[in-house]
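The next block holds one structure in the form of structure tokens; read it before the comments.
The values are calculated or read from the model by the stated rules, or taken from the named source; none is laboratory data. Keep in mind that this is a model prediction, so the values were computed, not measured. Cβ placement follows ideal geometry from the backbone for every residue including glycine, while neighbour counts extend to all protein chains displayed. Please note that ligands, DNA and RNA were not included when accessible areas were found on the heavy atoms of the full protein model with its side chains. Shrake-Rupley method; radii C 1.70, N 1.55, O 1.52, S 1.80 Å.
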Amino acid sequence: MSRLALVTGGTRGIGAAISIALKAAGYKVAANYAGNDEKAKAFEAETGIHAFKWDVSNYQACVEGITKVEATLGPVEILVNNAGITRDAMFHKMTPEQWNEVINTNLNGVFNMTHPIWSGMRDRNFGRVITISSINGQKGQMGQVNYSASKAGDLGFTKALAQEGAAKGITVNAICPGYIGTEMVRAVPEKVLNERIIPQIPVGRLGEPEEIARIVVFLASDDAGFITGSTISANGGQFVV
Ligand SMILES: NC(=O)c1ccc[n+]([C@@H]2O[C@H](COP(=O)([O-])OP(=O)(O)OC[C@H]3O[C@@H](n4cnc5c(N)ncnc54)[C@H](OP(=O)(O)O)[C@@H]3O)[C@@H](O)[C@H]2O)c1
């Protein structure tokens, strides 16, 4: 029987590409989203992938959402923590709300999703936890102290939890994308993209969501069983760790 993958923020952007690639690789897939019902319905109709709405920043909502997914499709064996937000501001102008929203979604959301699934993975002696961090969690980014802190936190989470999961057949890894051509990035004025952003990327272009999705498919596979605690950079050479 094929394994079940749950992708948070799996109905749009990079998450949608991940959901679609996992389905194409033969997995059963459940996609979570926060509130954009219109996009989620269109995604379901287009892909046949089941979408489930809850807020990853709320622990109880995650417990209830995961229970619903597992009752419908079976145990979650692959968790992709992809849901993430930005609330950018220079630090001297950043509000506690902007700080808390980003930490609660991007970092606490990863705890809230992984914790309820972890015991089942341990019991079954198999699991894959793959978290989408960011280049800005590796290098820091002006105007994104909250986002950079949350994404760097995801890397610490990954490294520590990998050590706990290793003996139980569970791998825990992170991917750090650079600039990916999602709606958000494509909405940046072309002049800014061409004159300020792309010149920072040695390969000379934005990444594609599918390029991140293919890394997820590999990390989810049995072939990747010896890779754990890793951070995979996919940034076109923009930042070399
Ligand atoms: N795009 C880039 O260049 C880039 C670069 C580096 C890292 N990343 C990371 O990659 C991930 C995906 O980015 P993206 O650009 O594809 O984002 P996106 O297009 O804005 O999509 C975000 C997805 O996350 C969901 N989401 C947001 N907050 C949520 C919450 N509290 N609970 C549940 N779902 C929630 C959204 O649901 P709704 O549809 O309901 O709003 C949406 O499906 C993020 O973690 C981001 O930080 C992106």
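Things to note:
- Placing a label point 7 Å from the Cα of residue 139 along the Cα-to-Cβ direction, none of the residues of the stretch 83-125 has a backbone N under 18 Å of that point.
- The angle between the Cα long axis of helix 59-73 and the longest principal axis of the Cα atoms of the chain comes to about 50 degrees, rounded to the nearest 10.
- Coil-residue chymotrypsin sites (Phe, Trp or Tyr not before Pro) of the stretch 78-133, DSSP, other Cβ within 10 Å capped at 13: none
- Cα-based helix-to-principal-axis angle, 209-220 vs the chain, degrees rounded to 10: 40
- Stretching the chain fully between residue 88 and residue 38 yields a gain of 15.5 nm (0.36 nm per residue, less the alpha carbon separation).
- Rounded accessible area of residue 49 (nearest 10 Å², 1.4 Å probe): 10
- Kirkwood Rh, angstrom, the chain [1 / mean 1/r, Cα pairs]: 18.0
- On Cα atoms only, tilt of 145-165 relative to the major axis of the chain in degrees: 30
- Residue 32 long-range amide H proximity, modeled H, under 5 Å: 7, 8, 9, 10, 52
- Extension gain for residue 194 to residue 45 (0.36 nm times residue separation, less C-alpha to C-alpha distance): 50.2 nm.
- Computed [θ] at 222 nm, helices only, for the chain once each DSSP H run of length n ≥ 4 contributes -39500 (n - 2.57): -13500 deg cm²/dmol
- In the stretch 4-233, taking the dipole from charged Cβ atoms about the Cα centre, the farthest positive-side position among 138, 80, 112 is held by 138.
- Phi to ³J(HN,Hα) by Karplus 6.51 cos²θ - 1.76 cosθ + 1.60 over the stretch 26-41, Hz, x for Gly, Pro: x, 7, 6, 10, 10, 10, 8, 8, 9, x, 7, 4, 4, 5, 5, 5
- Near residue 70, once Lys and Arg are set to +1 and Asp and Glu to -1 for all other residues with Cβ below 14 Å from its Cβ, the sum equals +1.
- Using a probe of 1.4 angstrom and keeping all protein chains present, the accessible surface of the chain works out to 48 square angstrom per residue.
- Cross-link partners of residue 151 among lysines (Cα-Cα below 26 Å; sequence separation of 8 or more within a chain): 39, 53, 93, 139, 159, 168
- Model label sites at residue 205 and residue 186, defined 7 Å from Cα along the beta-carbon direction, differ in position by 1.4 nm.
- Part-to-part distance (alpha-carbon centres) for the stretch 195-241 and the stretch 106-124, which is given in Å: 24
- Bridgeable aspartates and glutamates around residue 68 (alpha carbons under 20 Å apart, same-chain partners fewer than 8 residues away excluded): 37, 44, 55, 77, 123.
- Two-site FRET efficiency, residue 59 against residue 234, from Cβ-Cβ distance with R₀ of 25 Å, rounded to 0.05: 0.25
- Gained length - residue 167 relative to residue 71, 0.36 nm times residue gap less alpha-carbon distance: 31.8 nm
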